[in-house]
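See below for the structure under consideration.
Derivation of every value follows stated rules applied to the coordinates shown; laboratory data play no part. Please read these numbers as outputs of a predicted model, since none were measured by experiment. Using ideal geometry, Cβ is built from the backbone for each residue, glycine included, and neighbour counts are taken over all protein chains shown.
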Amino acid sequence: MAEMDWGSFLTLLDRRYSVIYDEQMASTVDQLPMWYSMETSDSFEERRGSVGALPIWSAFGGSLTYSQFYEQYNATATHVEFTQALRWTRRLTADDQTGIMRGDRYRKMTDSVIVTRQTHGARLWNFMNSNDTYFYSRSEGLPLASDSHTTRTPGVSTTTGFDNLTTANLSQTSFRAERQKMRRFANSEGHICNVIGNVLIVPIELQERGMEITLSPGDPDNARRTMNPEQNSVTIEVPLYMTSAVNWGLVNKPLMKENCVGFDHTKPDFKSVMDFETFQLKVSGYGRWSYMVFDWRFVDWAQVG
């Protein structure tokens, strides 16, 4: 006897979920597009590779000298499945006087998946100093923020220009020093690539301090209030799900969007079914997504605590 798929008879898409999810997304601050280039994916993983810069030009001596660039590091993102399920009795739904069990139960689950995705996206900041492999792996094998980055180009010294990590508290002095350090980041050939930090990343607790440093016309740490060269040099972004109250960083937004990619394999969808034996109403949600970062030069990070 052929086995029948009971789901094809009892399970159907509840369109109320789609409507509520769209409504909730419209009223929620979705920070993922601020940091990631969002793409769709139809495979179980995504791979991205990179090649290094070319060496500087040589003087012409009558015939061409041929150069080459070298393969650098790659990243592989593996999409992760996420689910949530609820169930309740028929009489609870029937006797509920608040209306919650008849309608707003869907809103709770959609709220939950929105927070889940925002929390996952904030791993970029919460694990900057860790070799985070939950969603992706980088062949360099180092945290995004490290004082010992490497290059696969032979013969290139990494003594200077390959450090994007500090432990300094956010201040006028440290902001200026780290922004200058970004200017001297080295490319794979060891040459200055002049990365301009144009966004200051701070937790909620440091937002006002960041505003003092970057918006004051006078130096906020100087009693004479001398000219503040940092005024309006960056914009400020506050990751709502950043867990540290003291860490901060500088990023170049165009480079960040080039190197940070979010993948939606399956956007959250929802199903409901009434169980035949128990009369329980069962609802579930399913989604599958991942993120990856494949080069570090977009960020200079302060791991203070």
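For percent of Cα pairs over 31 Å apart, which listed value, (i) 37; (ii) 25; (iii) 46, comes from the coordinates shown?
Only one listed value fits the structure, namely (iii).
Can you give the charge dipole size of region 196-256 about its Cα centre, rounded to the nearest 20 debye, using +1 on the beta carbon of Lys and Arg and -1 on the beta carbon of Asp and Glu?
Working: 4 positive and 7 negative charges, 24 e Å.
Here region 196-256 has a charge dipole of around 120 debye.
Using the C-alpha atoms of region 137-235, what convex hull volume per residue, in cubic angstrom, is computed?
On the way: hull volume 11.6 nm³, N = 99.
Output value, Cα hull per residue: 117 Å³.
Arranged by the count of other C-beta atoms within 10 angstrom, fewest first, what order do Val115, Val299, Val304, Val156 take? Show your work: numbers first, answer last.
Details: Val115 13, Val299 28, Val304 16, Val156 20.
Going from sparsest to densest Cβ surroundings: Val115, Val304, Val156, Val299.
GNM, the chain, Cα, under 10 Å: largest mean-square fluctuation among Phe162, Phe44, Phe185?
Phe44
For the chain, with only Lys/Arg (+1) and Asp/Glu (-1) charged at the beta-carbon, what is the dipole magnitude about the Cα centre, in debye rounded to 20?
Computed charge dipole of the chain: roughly 320 debye.
Dividing the convex hull volume of the alpha carbon atoms of region 256-305 by its residue count, what do you get in Å³ per residue? It would help to have the intermediate numbers written out before the result.
Numbers: hull volume 6.4 nm³, N = 50.
Given the Cα convex hull of region 256-305, per-residue volume reads 128 Å³.
Per q in 0.15 Å⁻¹, report the Debye log10 I(q)/I(0) for region 201-305, using one uniform scatterer on each alpha carbon and no solvent.
-0.82
Within a 10 angstrom radius of the beta carbon, how do Tyr70, Tyr136 rank from fewest other beta carbons to most?
Values: Tyr70 15, Tyr136 22.
Arranged by neighbour count, lowest to highest, Tyr70, Tyr136 become Tyr70, Tyr136.
Neighbour counts of other C-beta atoms within 10 Å: give me Ile196, Ile213 arranged from fewest to most. Walk me through the numbers before you get to the answer.
Numbers: Ile196 14, Ile213 27.
Going from least to most buried by this count: Ile196, Ile213.
Taking the chain as a Gaussian network, Cα atoms linked when under 10 Å apart, which of Leu215, Leu281, Leu240 shows the biggest mean-square fluctuation?
With Cα springs under 10 Å in the chain, the top fluctuation among Leu215, Leu281, Leu240 is at Leu281.
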